[in-house]
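Quick notes on the structure that follows.
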Amino acid sequence: MEGLTRTWLLLVALTAATTTLAFFDGRVAAALLLVLAFLKARAILSGFLHLKRATGWIFVATVPLGIWLTVLFGLYAI
Amino acid sequence: MRIEDLPGELLMWVLIASEVLVFAAGITAMASVRLTDPEGFAAAQAMLDGRMAALNTVVLVTSGLFAARAERAAAHQERRAARLFLGLAALGGVLFLVVKGMEYAADMEAGIGIETHPFYTFYFLITGFHAAHVLAGIVLLGIVGLRARAEAVQAGAAFWHMVDLVWVLILPPIYLLA
């Protein structure tokens, strides 16, 4: 299976997981929803925007994203 | 790691980073204001139809696949295929806006307006701003499809993926995190 189709299937699977998880409440579900958002963003950056081919840049793009999502979780967990 | 390693135009990456930062600021502001009235925000959010948002996510990531295929076809000088995929990606954008419009119509029918509650102010501003980007993306895909040159199609596709990227990030705080 070629890379673009794999990225799309991963995104659809992560969206399905997000929809399933939306039925649950609580901090664990919230944390998992944000993890799924992070994984979707990473898949787009890496697969569709080709950062997997740019050495080191996927790290530069995803670390601030991960920090922001962690802050967001903190604001919702308070 | 060098700047030259980045795929496509550097300016497009500056735009992508700027747009993500703007939406992140909006979402962070919403999450901060929510602290003053968590119950009110949760009640307001519960009125939204998350199924429409889930459907729109699938629509947008599928159109993202078409945009990526258009980029690949243009890189191989297959202009006809590139135009076809750009058209399909733009069609996905139109479908996204139709679903969004139906969602807004249902919200307004339920008596929800931009001033009903602070949550809805953020909801309409952030999702409306995103919808404006989808509209701009559709126009951009049409423009780059005219000549279907590799560099232009890559820039158009990158903008489209940015729209996709922003959507997957704003989805949980707006629709799901209560």
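The values are calculated or read from the model by the stated rules, or taken from the named source; none is laboratory data. Bear in mind that the values here come from a model prediction, so they are computed numbers and not experimental data. Neighbour counts are summed over all protein chains in view; Cβ atoms, including those assigned to glycine, are modelled from backbone coordinates with ideal geometry.
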| said: Please go through segment B:14-44 and give me each residue that is more than 9 Å from chain A (Cβ to nearest Cβ), over 17 Å from A:Leu34 (Cα atoms), part of a helix (DSSP H, G or I) and not aliphatic (A, V, I, L, M), ordered by number. | reply: B:Ser18, B:Glu19, B:Glu39, B:Gly40, B:Phe41
| task | Have a look at B:Gly128, B:Gly92, B:Gly142 and point out the one that is assigned to a helix (DSSP H, G or I) and within 14 Å of chain A (Cβ to nearest Cβ). | result | B:Gly92
| remark: Residue hits (segment A:19-52; under 10 Å from the mean Cα position of the chain (by Cα) and β-branched (Val, Ile, Thr)) are A:Val35, A:Ile44
| Top-ranked residue in segment B:45-78 [being of a type in the set (D, E, K, R) and modelled with pLDDT under 95; ranked as nearest to B:Ala110 (Cα to Cα)] | B:Asp49
| task | Please go through segment B:46-98 and pick out each residue that is among the charged types (D, E, K, R), in contact (Cβ under 8 Å) with a residue 24 or more places away in the chain and within 24 Å of B:Leu169 (Cα to Cα). | result | B:Asp49, B:Glu71
| message | Yes or no: segment B:160-177 includes at least one residue that is outside any loop (DSSP other than H, G, I, E, B), away from chain A (no Cβ under 13 Å), of a type outside the set (Asp, Glu) and buried (at least 21 other Cβ atoms within 10 Å of the Cβ). | response | no
| query | Of the residues that make up segment B:168-177, is at least one of a type in the set (Ser, Thr, Tyr) and in contact with a Leu (Cβ under 7 Å, 6 or more places away or on another chain)? | reply | yes
| query | Residues A:Ala22, A:Ala41: which one is within 30 Å of B:Ala70 (Cα to Cα) and either facing chain B (nearest Cβ under 7 Å) or touching a Leu at 6+ places or on another chain (Cβ under 7 Å) (or both)? | reply | A:Ala41
| message | Every residue in segment B:45-55 that is more than 10 Å from chain A (Cβ to nearest Cβ) and not aliphatic (A, V, I, L, M), please. | response | B:Gln45, B:Asp49
| task | Please determine, by comparing only the residues of segment A:8-19 that are more than 7 Å from every other protein chain (Cβ to nearest Cβ) and surrounded by fewer than 20 Cβ atoms within 10 Å (Cβ to Cβ), which one is nearest to A:Ala77 (Cα to Cα). | result | A:Ala17
